[in-house]
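Participant: I have a structure I would like to understand better, so I am pasting it below and will then ask my questions one at a time.
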Amino acid sequence: MKAALKCAQTALSEGEVPIGAVVVLNGKIISRGHNRRTKKQVATAHAEIEAIEKACKKLGSWRIPGCELYVTLEPCPMCMGAALNARIKKVYFGAYEAKGRSLTNEIASANLLNHKVEVEGGVMEEECSKILSAFFSDMRKREGK
């Protein structure tokens, strides 16, 4: 998760929402990603999607079943769908989504595909929450809210 936090710092330095992700295979990081929605002006430019796409390219397959995904914020439904489709073994996330109802575990264990993803939340939760809270607090100050 420390590596995912470094990716979140990169996003922050680029003015993006500070979310980072890494894909790990056999204990080694094989890809990294961070939010780039603002820079790319693409709704799907999430940290998880970037990390999964890079891992797939590196391994030469859209299926990466031996891999684990570490992400600083609880994945949205789109990103959990990508993890399911990529056949990722386990997703670890740091901060819990503060807005709305979480669907992470429901999507991960749903019988939508012939694959389920194990999920563990709250990994380095305090550190992951802190960077997000600071970002949004600063943003509100800049906007005068």
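The values are calculated or read from the model by the stated rules, or taken from the named source; none is laboratory data. Treat the numbers as computed from the prediction; the structure is a model and nothing was measured. Virtual Cβ from ideal backbone geometry, glycine too; neighbours counted across all protein chains shown. Remember, those area values only see protein heavy atoms, side chains included, never the ligands or the DNA or RNA. Shrake-Rupley method; radii C 1.70, N 1.55, O 1.52, S 1.80 Å.
Participant: Compare Lys116, Lys39 by solvent-accessible area with a 1.4 Å probe and give them largest first, with all protein chains kept in place.
Facilitator: On the way: Lys116 115, Lys39 140 Å².
So the residues, ranked largest to smallest area, are Lys39, Lys116.
Participant: Also: Enumerate the aspartates and glutamates that Lys54 could reach by cross-link, defined here as Cα to Cα under 16 Å, with residues fewer than 8 away along the same chain left out.
Facilitator: Cross-link targets: Glu68.
Participant: What order, most packed first, do the peptides 134-144, 2-12 have when packing is the mean number of other Cβ atoms within 10 Å of each residue?
Facilitator: Taking the mean over residues of other Cβ atoms within 10 Å, the ranking is 2-12, 134-144.
Participant: If you don't mind, there's one more thing I want to ask. Where does the chain land at 222 nm, in deg cm²/dmol rounded to the nearest 500, when only DSSP H runs of n ≥ 4 count, each adding -39500 (n - 2.57), divided by all residues?
Facilitator: The per-residue figure over the chain is -13000 deg cm²/dmol.
Participant: List the lysines whose Cα lies under 25 Å from the Cα of Lys57, skipping any in the same chain that are fewer than 8 positions away.
Facilitator: Lys2, Lys6, Lys28, Lys39, Lys40, Lys89, Lys90, Lys116
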